[in-house]
């Protein structure tokens with residue numbers, strides 16, 4: 001059976017030693033609320049909830065799944081009680097203004113909370129998780145009346161939220177959205193259409209569900225320029241702001257999926273459903289990106305969650321399971337065989353899992369500081385501040401989402417592999433982690449979509465390569481600070497070469513694109529993975545520098561923790577970072593070999 005223990009030692013190492021969150025909080029308008037005692041209380045409280053309340057429901061929820069009966073969705077046993085405890089603890093409102101019932105703490109604490117509950121039980125965490133984007137969208141784009149009506153209940157958690165984008169004919173290509181919104185003449189709208197793949201679209205946890213829906217007005221121009229955004233509640237609030245009449249939005253079915261079976265993925269039908277325009281007409285896609293960036297960052301946290309859970313459960317098994325003798329000689333001579341952690345290949349699997357998990361956490365926590373700045377811009381109504389930090393986090397988002405989710409599938413696979421045949425058996429839980437992880441590379445935009453967004457939209461079209469030059473310049477500046485440090489020399493030299501190469505590759509692809517029109521699409525996946533490996537390398541170097549400093553200058557009661565950090569950094573640079581070279585070579589290969597074959601020649605079945 002799977003178990004989960006919140007990795008508070010590693011979380012605090014990043015927050016306190018690497019990224020100095022207290023100094024960062026001092027720069028925020030709501031940072032004074034995040035004093036060390038409050039932060040510790042939040043971390044411990046959420047750890048207790050994740051470990052004791054929702055982790056025990058992870059496997060049972062998967063086995064039971066959600067129940068569907070004539071439009072009514074019932075979540076697995078224990079989910080509703082856990083959600084009630086979540087609401088009673090005030091956990092939904094950590095990062096939201098006090099005027100709406102929140103704690104007014106920085107968004108980064110909400111992300112740390114999301115990591116813990118997501119690792120303990122990803123399916124359960126999706127129900128409150130979808131509300132986050134809904135809250136952010138209303139907070140940023142709603143008018144005062146909409147904020148006052150919806151935010152107190154959403155922040156409290158008694159109401160939950162969704163995002164309704166996808167339609168059967170329109171997945172990533174939202175320009176094909178057909179759902180219609182017609183004015184009723186009283187300021188409300190009548191929505192008609194169907195949405196698919198709506199996570200938490202219907203359930204029994206909250207008393208109301210607030211849907212954020214993309215639809216077209218009658219005068220809408222074609223394509224993405226004609227999409228507007230609407231609030232469509234399951235129950236229309238009455239004059240007192242409480243649950244009123246049932247709206248005509250219904251759940252037609254729930255999906256039968258490979259994984260995350262305890263999360264209700266719904267088909268929602270809107271039949272003259274009453275809706276309310278949020279933001280400007282035909283500007284809905286821009287507003288929806290507020291929701292999407294939140295969701296994509298959340299999917300990066302999902303990747304971290306599956307990595308952590310797989311590693312936590314594979315490690316003790318490797319320490320206990322005995323098989324054969326180590327090639328270098330008996331390690332446990334008193335037994336008939338050595339524990340498998342003594343075999344180099346098993347250590348390769350474990351160290352790969354550890355390096356990706358802890359490296360990914362560092363990448364996400366770094367971006368969490370940008371999320372703090374971005375959300376502060378929303379909270380104080382400073383559009384320029386919001387856009388500045390939204391642009392900065394926008395560079396990280398596709399890497400965190402695409403790169404980390406791909407690696408999370410690798411980590412989950414390694415976890416199964418360490419268990420051998422037992423990893424394929426449901427009772428151990430390792431195969432569930434792999435099934436649950438698989439969706440992360442698909443929803444909120446597939447890896448290919450993230451890669452094209454990074455290389456095509458963010459780097460080439462958006463900044464002409466400047467965003468890469470700026471990022472690598474910051475890495476090089478850091479390298480310069482450690483250029484003469486004998487312990488750090490190997491990391492600094494490797495990163496220096498990679499930064500130069502990254503800029504060269506970017507320029508080379510931009511030049512190739514002048515003649516090879518398909519090169520951006522052909523190269524983008526390799527480009528994203530390359531960027532991810534280099535970025536993670538930088539984070540491992542930073543963690544190694546802190547660990548060396550702690551060991552050499554004292555001030556620590558856990559030297560083994562820091563030794564393990566250094567050893568994992570060395571493994572990453574020796575065994576994982578070289579993967580970037582293969583991606584570098586592949587990305588600049590012409591697209592001809594991809595595009596030359598006639599589509600009829602892909603198969604010759606009789």
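Which of the residues that make up segment 89-124 are out of contact with any helix residue (DSSP H, G or I) (no Cβ under 7 Å at 6 or more places or on another chain) and not in a helix (DSSP H, G or I)?
90
Need at least 3 residues that are under 23 Å from residue 88 (Cβ atoms), in contact (Cβ under 8 Å) with a residue 40 or more places away in the chain and touching a strand residue (DSSP E or B) at 6+ places or on another chain (Cβ under 7 Å) per element, so show me which strands (runs of 3 or more DSSP E) inside segment 138-244 make the cut, counting only ones lying wholly within it.
The qualifying strands (runs of 3 or more DSSP E) are 159-164, 208-215.
Among the residues that make up segment 244-254, is at least one of them over 18 Å from residue 165 (Cβ atoms) and modelled with pLDDT under 95?
No, segment 244-254 contains no residue that is over 18 Å from residue 165 (Cβ atoms) and modelled with pLDDT under 95.
Which condition does residue 521 not pass, out of (1) outside the structural domain of residue 392 (by TED's automatic domain parsing); (2) surrounded by fewer than 20 Cβ atoms within 10 Å (Cβ to Cβ); (3) without any contact (Cβ under 8 Å) to a residue 40 or more places away in the chain, if it passes all the others?
Of (1) outside the structural domain of residue 392 (by TED's automatic domain parsing); (2) surrounded by fewer than 20 Cβ atoms within 10 Å (Cβ to Cβ); (3) without any contact (Cβ under 8 Å) to a residue 40 or more places away in the chain, only one is false for residue 521: (3).
Kindly indicate which of 63, 120 is more than 20 Å from residue 133 (Cβ to Cβ), within 19 Å of the chain's Cα centre (by Cα) and at pLDDT 95 or above.
It is 120.
Just checking, how many residues over segment 560-587 are surrounded by 17 or more Cβ atoms within 10 Å (Cβ to Cβ) and in a loop (DSSP other than H, G, I, E, B)?
Qualifying residue count for the region: 1.
Taking residue 529 as the residue in question, decide whether it is crowded, with 19+ Cβ neighbours inside 10 Å and either closer than 27 Å to residue 407 by Cβ or not assigned by TED's automatic domain parsing to the domain that holds residue 360 (or both).
So residue 529 fits the description; yes.
Would segment 392-404 turn up any residue that is within 16 Å of residue 2 (Cα to Cα) and more than 13 Å from the chain's Cα centre (by Cα)?
no
For segment 245-262, which residues satisfy the criterion of being part of a loop (DSSP other than H, G, I, E, B) and within 18 Å of residue 197 (Cβ to Cβ)?
255, 256, 257, 258, 259, 260, 261, 262
Report, by residue number, each residue of segment 172-213 that is in contact with a helix residue (DSSP H, G or I) (Cβ under 7 Å, 6 or more places away or on another chain) and at pLDDT below 95.
172, 174, 175
Which residues, counting only those in segment 66-89, are without any contact (Cβ under 8 Å) to a residue 24 or more places away in the chain and within 24 Å of the chain's Cα centre (by Cα)?
Scanning segment 66-89 gives no hits.
Condition (residue is within 28 Å of residue 436 (Cβ to Cβ), surrounded by 14 or more Cβ atoms within 10 Å (Cβ to Cβ) and at pLDDT 95 or above) applied to segment 19-38: is it met by at least one residue?
No - not one qualifying residue is present in segment 19-38.
List the helices (runs of 4 or more DSSP H) inside segment 1-50, counting only whole elements, that have at least 2 residues being in contact (Cβ under 8 Å) with a residue 12 or more places away in the chain, over 20 Å from residue 119 (Cβ atoms) and in contact with a helix residue (DSSP H, G or I) (Cβ under 7 Å, 6 or more places away or on another chain).
Counting at least 2 such residues, we get 21-25.
Within segment 532-559, count every residue that is free of Cβ contacts under 8 Å to residues at least 40 places away in the same chain and surrounded by fewer than 20 Cβ atoms within 10 Å (Cβ to Cβ).
9
Quick check on my filter: what residues within segment 480-512 are assigned to a helix (DSSP H, G or I) and over 23 Å from residue 528 (Cβ atoms)?
Result: 480, 481, 489, 490, 492, 493.
Counting only residues that are surrounded by 15 or more Cβ atoms within 10 Å (Cβ to Cβ) and under 18 Å from residue 207 (Cα atoms), how many does segment 81-99 have?
9
Going residue by residue through segment 522-530, is there one that turns out to be closer than 24 Å to residue 396 by Cβ and not in a helix (DSSP H, G or I)?
So far as segment 522-530 goes, no, none of its residues is closer than 24 Å to residue 396 by Cβ and not in a helix (DSSP H, G or I).
The values are calculated or read from the model by the stated rules, or taken from the named source; none is laboratory data. Being a predicted model, the structure only gives us computed values, none of them experimental. No Cβ is skipped: glycine too gets one built from the backbone with ideal geometry, and neighbour counts run over all protein chains shown.
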